[in-house]
Structure formats: C-alpha cells, structure tokens
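Contents: one structure, followed by commentary.
The values are calculated or read from the model by the stated rules, or taken from the named source; none is laboratory data. Being a predicted model, the structure only gives us computed values, none of them experimental. Virtual Cβ from ideal backbone geometry, glycine too; neighbours counted across all protein chains shown. Surface areas here come from the heavy atoms of the whole protein model, side chains and all, with no ligands, DNA or RNA. Shrake-Rupley method; radii C 1.70, N 1.55, O 1.52, S 1.80 Å.
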Amino acid sequence: MNGSNTLLNANFGEPLAARLRPETIDEIVGQTHLLGPGRILRRIIEQDAVSSMIFWGPPGVGKTTLAHVIANQTKAKFINFSAVTSGIKEIRTVMQQADENRLFGEKTIVFVDEIHRFNKAQQDAFLPFVEKGSIILIGATTENPSFEVNGALLSRCKVFVLKALGETELVSLLKRAISSPKGFGNQNIVISDDVIRMIAVFANGDARTALSTLEMAVLNGAYEDGVTTVTVDTVEQCTSKKSLLYDKNGEEHFNLISALHKSMRNSDPDAAVYWLARMLEAGEDPLYVARRLTRFASEDVGLADPKALELAVAAYQACHFIGMPECTVHLTQAVVYLSLAPKSNALYMAYEHAKVDAQKQLAEPVPLHIRNGVTKLMQQLGYGKGYQYAHDTKDKLTDMRCLPDSLLGTVYYEPTEQGLEARFKERLEQIKAWKAEHE
C-alpha cells in the first residue's frame with residue numbers, strides 16, 4: 001500500500017504549488033533583493049503605487065505569485081490575461097472597459113503571463129491604453145524583454161529581474177509545504193533533511209518543480225499505519241531520466257565493448273583487434289563501435305594526441321559511407337591507432353569534477369562582466385561592464401576572472417605530461433604565471 005491513498009482521502013483538488021501560493025509579501029520565498037525590508041518593489045506594493053512593470057526571470061521563481069500578491073493588496077480592479085488564449089479582440093474589449101472605469105476613478109491592473117508569446121500586433125493593442133493611463137500593465141516573461149517586448153511598450157514599463165531560488169530557499173519552501181495545513185501538515189510525513197535537500201537540488205532554482213517533485217514523492221511514498229515515508233529511492237524514482245541502453249545480445253554485448261575499451265586503454269593492439277573482430281563478426285553495428293571509439297579518443301587519449309579524435313570521427317564517417325564488411329579495416333585502423341596513442345584522462349577528469357560542482361550549484365549566475373550587454377536594458381543592468389577583450393592586449397591575456405565568485409581558484413583541467421599534452425601543460429603554466437603576476 002503506498003501513500004497515494006492519503007492524498008485521495010485528503011480530497012485536495014489543487015496541485016501542491018497552487019495550494020501553497022503566497023497571499024502576502026511575507027509569505028514569498030526568495031527575491032529579497034526586490035522584496036526585502038525597504039526594497040523598492042516591496043514599497044511599491046505596500047503603498048499601492050503600482051505602475052506598469054515587467055517581471056523577467058526563469059520559470060518557477062514567483063512572477064505569477066507576485067502578480068497575485070499585488071492583486072490581493074491593491075485597490076485596483078485586477079484582470080488576468082493569458083498570452084496563449086487571448087486575441088486582439090479580447091484585449092480591446094477589456095481595454096475599452098478599463099477606459100470607462102477610469103472615468104469613475106477606478107484603476108485597472110492587467111496581468112499578462114508569458115507576455116513574450118504575444119505578437120507585435122497584440123502588444124501594440126495595449127500601448128495606447130498604457131500611455132494614457134487607462135491600465136497598469138504587469139507582464140511576466142522568461143525571455144529577455146529587450147528582444148521579446150516592443151520597444152515602445154518596454155520604455156513605459158519598469159523591468160524587475162527575478163532570480164532563481166537558492167538551495168536554502170527551496171529547502172525552506174519544502175519544509176513549509178510539509179508542515180503547513182495547506183500542504184501536508186495534516187498528514188504524518190517522514191522525510192529526512194537529506195531527502196528534502198535532494199529535491200531542492202533537483203529543482204534547480206524552480207519552486208514549482210520543487211513542490212511538484214515533493215508532491216509526487218509523497219504520492220509514491222511507503223504508507224503504513226497512517227505514516228508516509230519518503231526515501232532517497234522514492235525521490236530517485238520520481239526524478240529518474242534514465243534511458244534504456246541499446247542491447248543487441250544481452251550482457252555479452254556490454255562485456256565485449258568493455259573488453260575492447262580496456263584493451264585499447266592498456267595499449268594492447270592485438271587484444272583490441274581481437275575484441276573488435278568478435279563484435280563485428282557477431283553482427284554488431286559498426287556505427288555503434290565507431291561511436292564508442294570517438295568517446296575513447298577524448299576520454300582516454302585527449303590532448304595527449306588531439307589527432308586521435310579526428311581519426312575516430314573519420315572512421316565513423318567511413319563506416320557510414322561503405323558499411324560492412326568493407327569498413328572493418330577502417331575500424332581496425334582506428335583501434336590500433338588509439339591503442340598505441342599516448343594516454344591521458346585529464347579531459348574526462350576535468351569534466352567529472354566540473355559536473356559535480358555544476359550539479360551542486362546549478363543556479364550560480366554568470367558574472368555580469370562576461371555577459372553580453374547587447375541592449376540598453378542589459379547595459380543598465382551591468383551586463384558586460386568591466387569586460388576585458390584579450391585581443392586588445394600585447395600578450396592576448398587579461399587578469400579577468402570568469403568563474404563565479406564561489407568557485408574562484410578551482411582547478412578542473414590538470415594536464416599530464418603524456419604525448420603532446422606536455423606542451424599544453426607548459427602553455428597552461430605560462431598562462432597561470434602571467435595571471436598571477438598581473439593580478
């Protein structure tokens with residue numbers, strides 16, 4: 001018996017994210033740069049001094065929630081528009097009504113979710129009413145408004161940038177969902193802090209995803225004697241994105257490709273050619289083998305011999321052109337070359353190290369100075385400020401930092417002295433020495 005019965009008995013008709021939607025500023029998690037004490041957006045809402053604005057940010061960070069909070073706290077009439085279902089006719093009908101309401105001193109706030117989905121004509125339909133004050137427009141978008149919102153309309157709106165929620169903020173939100181009567185507070189849920197954090201990391205800054213994942217985990221949790229237990233395994237099942245591997249001949253298929261890979265890694269061309277022949281003569285797809293060779297060329301040889309990847313890709317193309325049995329010699333050439341090539345797994349290790357940091361800090365923002373400030377709005381937000389163009393310098397080097405602040409000094413690529421990689425190592429040491437001297 002699983003935990004789904006508990007939710008069915010609870011008779012909740014709405015998803016968890018909808019039930020927990022904040023109604024006041026203080027209930028909102030995150031966005032303290034806009035909603036903290038004394039911050040501009042908080043003051044605007046509390047003073048009911050809302051003007052036309054655009055909320056720009058990734059999914060699940062509270063754009064629609066902010067609009068609902070404004071709806072709850074403003075004295076204006078609040079109209080919710082969908083960019084997916086509303087046409088120009090509907091827009092003009094509502095705008096004319098707002099125009100009439102203005103004559104009686106009533107303000108109208110029009111909230112447009114996914115405003116970037118409106119075409120130019122639809123956006124233009126709002127413009128005259130925004131200009132003469134018939135409506136206050138609040139738009140929400142995941143896309144850069146510099147590119148997706150008409151310039152004339154954008155110039156009349158204040159843009160507020162919402163940030164992805166941090167792990168700590170998501171953990172707080174999830175704990176509230178478990179304890180709140182609007183969430184699972186009326187049920188006995190057993191879930192560890194580690195499992196909650198696991199859900200927060202998976203959500204990658206998206207509150208909606210975090211709550212939906214928690215809801216799914218509780219639905220699938222182990223239910224016994226009135227207690228629902230959510231474990232790591234439960235969450236892994238709910239968030240799994242595993243895909244089935246191609247399997248031609250069962251376990252032997254994987255044993256043979258493993259033998260080929262490890263023979264090349266051990267610089268044993270005779271064993272490698274034997275396992276290659278075993279695979280091909282058993283009917284293995286030559287393109288599958290060729291794909292594995294291209295992986296090996298970077299994972300086990302890498303910059304110790306950059307030509308290894310070129311040869312592996314050429315072998316794949318040859319197999320594609322002429323097929324079996326003629327392409328056996330192309331694969332043999334690649335297998336022998338890769339077996340004899342100097343070995344380095346520095347590229348593989350660099351990515352694996354970086355992957356761990358990326359998964360832990362998926363919401364780490366790109367430093368402003370290495371973002372492209374291609375529009376006026378982006379430049380006002382500091383995009384590209386302080387960028388140093390390496391080609392303008394004598395040594396083609398600058399002391400500009402490109403990692404996020406939390407990762408400064410982290411080393412991912414550690415070259416070996418095998419083959420040509422020794423030269424890459426020497427060059428990297430020269431670059432690091434130059435930067436240390438000019439820092």
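Just so you know, the Rg over Rh for the chain is 1.08, from Cα atoms, with Rh as the Kirkwood radius. Between residue 431 and residue 270, the FRET efficiency from the beta-carbon distance, with R0 = 51 Å, is close to 0.80. What does the convex hull of the alpha-carbon atoms of the range 50-158 project to on average, in nm²? The number I arrive at for the range 50-158 is 6.1 nm². The angle between the Cα long axis of helix 251-265 and the longest principal axis of the Cα atoms of the chain comes to about 70 degrees, rounded to the nearest 10.
Candidate cross-link partners of residue 360 among the lysines, defined by an alpha-carbon separation under 19 Å and a same-chain spacing of 8 or more, comprise 163, 241. Listed by chain and number, the aspartates and glutamates placed with their C-alpha closer than 19 angstrom to that of residue 262 are 251, 252, 270, 284, 299, 300, 305; residues fewer than eight positions away on the same chain are left out. Going by alpha carbons, how many degrees (0 to 90, nearest 10) lie between the helix axis of 63-73 and the longest principal axis of the chain? The helix 63-73 is inclined about 20 degrees to the chain. Label positions at residue 188 and residue 237, each projected 7 Å from the Cα along the C-beta direction, are separated by 2.1 nm.
Expressed as a fraction of 2.2 N^0.38 Å, the C-alpha radius of gyration for the range 274-324 is 1.17. Based on alpha carbons, the Rg and Dmax found for the range 304-354 are 13.3, 41 Å.
Could you give the Stokes-Einstein D for the range 212-368 in µm² per second, using the C-alpha Kirkwood radius, 37 °C, 0.692 mPa s? Translational diffusion coefficient: 177 µm²/s. Applying 1/(1 + (r/R0)^6) with r as the Cβ-Cβ distance of residue 423 and residue 350 and R0 = 22 angstrom yields a FRET efficiency of 0.80.
When peptides 146-152, 296-302 are sorted by average Cβ neighbour count within 10 Å, with the highest value leading, the order is 296-302, 146-152. Note on residue 107: lysines with a C-alpha under 20 Å away, same-chain residues under 8 apart excluded, are 75, 77, 132, 158. Net charge dipole, the chain: roughly 1680 debye, given to the nearest 20, about the Cα centre with Cβ charges of +1 for Lys and Arg and -1 for Asp and Glu. Calculated on the Cα set of the range 97-146, radius of gyration then Dmax: 11.9, 36 Å. For the range 300-363, trypsin sites (Lys or Arg not before Pro) meeting the loop criterion (DSSP other than H, G, I, E, B) and having at most 10 other Cβ atoms within 10 Å: none. For the chain, the 222 nm mean residue ellipticity estimated from helices alone, with every DSSP H stretch of n ≥ 4 adding -39500 (n - 2.57) and the total spread over all residues, rounds to -15000 deg cm²/dmol. Compared with the alpha-carbon gap, the fully stretched path from residue 412 to residue 180 is longer by 79.2 nm at 0.36 nm per residue. Taking every protein chain into account, the 1.4 Å probe leaves residue 439 with about 150 Å² of accessible area, to the nearest ten. 3J(HN,Hα) couplings calculated from phi for the range 421-436 with the Karplus curve 6.51 cos²θ - 1.76 cosθ + 1.60 (θ = phi - 60°) are, in sequence order, 5, 4, 6, 5, 5, 4, 5, 5, 5, 5, 4, 5, 5, 4, 5, 5 Hz; Gly and Pro show x. Ranking 413, 383 from most to least accessible surface, computed with a 1.4 Å probe over the protein chains only, gives 413, 383. Among 207-218, 38-49, sorting by the average number of other beta carbon atoms lying within 10 angstrom of each residue, highest first, gives 207-218, 38-49. The Cys residues in the chain with no partner Cys Cβ within less than 4.7 Å of their Cβ are 157, 238, 402.
Hey, how many Å between the Cα centroid of the range 294-311 and the Cα centroid of the range 346-411? For the range 294-311 versus the range 346-411, the Cα centre distance is 27 Å.
Gain on full extension, evaluated as 0.36 nm per residue between residue 102 and residue 397 minus their Cα-Cα distance, stands at 100.2 nm.
Across the chain, the relative contact order, built from alpha-carbon pairs under 8 Å that are at least six residues apart, equals 13 percent.
Here, the range 390-430 yields an orientationally averaged convex hull projection of 3.8 nm² when only Cα atoms define the hull.
Between the helical axis of 328-340 and the longest alpha-carbon principal axis of the chain there is an angle of about 90 degrees. To the nearest 0.05, how large is the calculated FRET efficiency for residue 321 and residue 161 if R₀ is 35 Å and r is the Cβ-Cβ distance? Rounded to the nearest 0.05, the efficiency is 0.10. For the range 147-203, dividing the convex hull volume of the Cα atoms by the residue count gives 123 Å³ per residue. Placing unit charges on the Cβ atoms only, positive for Lys and Arg and negative for Asp and Glu, gives the range 299-439 a dipole magnitude near 520 debye about its Cα centre. Remark on residue 79: its backbone amide H falls under 5 Å from those of 109, 110, 111, a criterion applied only to residues 5 or more positions apart or on other chains, H modelled at 1.01 Å from N.
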